[in-house]
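What follows is a single structure, written as structure tokens, with notes after it.
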Amino acid sequence: MSTPPRTRPEPVQVIKQRRDAALAKLVSTVPYIGFLGITFDRRGDELTAILPYDDKLVGNPVLPALHGGAIAAFLETTAIVELSWAIAWDEIEQGGGTKPVPTGKPKWPKTIDFTVDYLRSGLPRDAYARARVNRSGRRYASVHVEAWQDNRARLFAQATGHFLMPGT
């Protein structure tokens, strides 16, 4: 009795390219993400959102400080992309990662409520954020987001949001 030949695993670079393509496709469907200049750095399944400094983001030129609306938009975008990425990640990785990059427009979670805590002024420099999904079910998800600039331990804003999951 002979055993069937083992299939050779995909090269790591091919897997990374597929994941990066899926993330780029997901983010490119929302023009507002591009308007703000938000990008995402992916390491495995972990995303870090980056809001590059731009003069258009300043709300108080006397200080100068980032506009609270820009900060809130950055945090909410980070939360929604994290939730959508978690859904896309499961689709991409099903079946050992043999599934191609999802096509068509993604179904985005809808915001139920979103509370922002402004801990200090956002300085005129790049900002970073990471979201953590606290609970995700078929209908509802809860996400916490933390934002920092120079030092991850010194947050300048954080937020908690509740979302209606797509398909409900």
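Structure data summary
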quantity	calculated
Sole exception among (1) assigned to a helix (DSSP H, G or I); (2) under 29 Å from GLY122 (Cβ atoms) for GLY59, by number	(1)
Contacts under 7 angstrom Cβ, first residue in segment 66-79 being over 19 Å from SER121 (Cβ atoms), partner part of a strand (DSSP E or B) and of a type in the set (Phe, Trp, Tyr), 6 or more apart	GLU76/PHE114
Leading residue by the ranking (surrounded by the fewest Cβ atoms within 10 Å (Cβ to Cβ)) among those in segment 37-53 that are modelled with pLDDT of 95 or more and over 12 Å from the mean Cα position of the chain (by Cα)	PRO52
Residue identified as closer than 19 Å to ALA157 by Cα and of a type in the set (S, T, N, Q) among THR7, THR3, THR78	THR78
Looking only at segment 118-144, and only at residues there that are among the small types (Gly, Ala, Ser) and surrounded by 13 or more Cβ atoms within 10 Å (Cβ to Cβ), the one that is modelled with the lowest pLDDT	SER136
Within segment 133-153, considering residues that are basic (Lys, Arg) and in contact (Cβ under 8 Å) with a residue 24 or more places away in the chain, the one nearest to ASN60 (Cα to Cα)	ARG152
Residue check for PRO109: buried (at least 16 other Cβ atoms within 10 Å of the Cβ), under 14 Å from the mean Cα position of the chain (by Cα) and not basic (Lys, Arg)	yes
Candidates THR77, THR160, THR115, filtered to the one that is buried (at least 20 other Cβ atoms within 10 Å of the Cβ), of a type in the set (S, T, N, Q) and modelled with pLDDT of 80 or more	THR77
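The values are calculated or read from the model by the stated rules, or taken from the named source; none is laboratory data. Just so we're clear, the structure is a prediction, and the values are computed from it rather than from any experiment. Quick reminder, even Gly has a Cβ in these numbers, built from the backbone with ideal geometry, and neighbours come from all protein chains shown.
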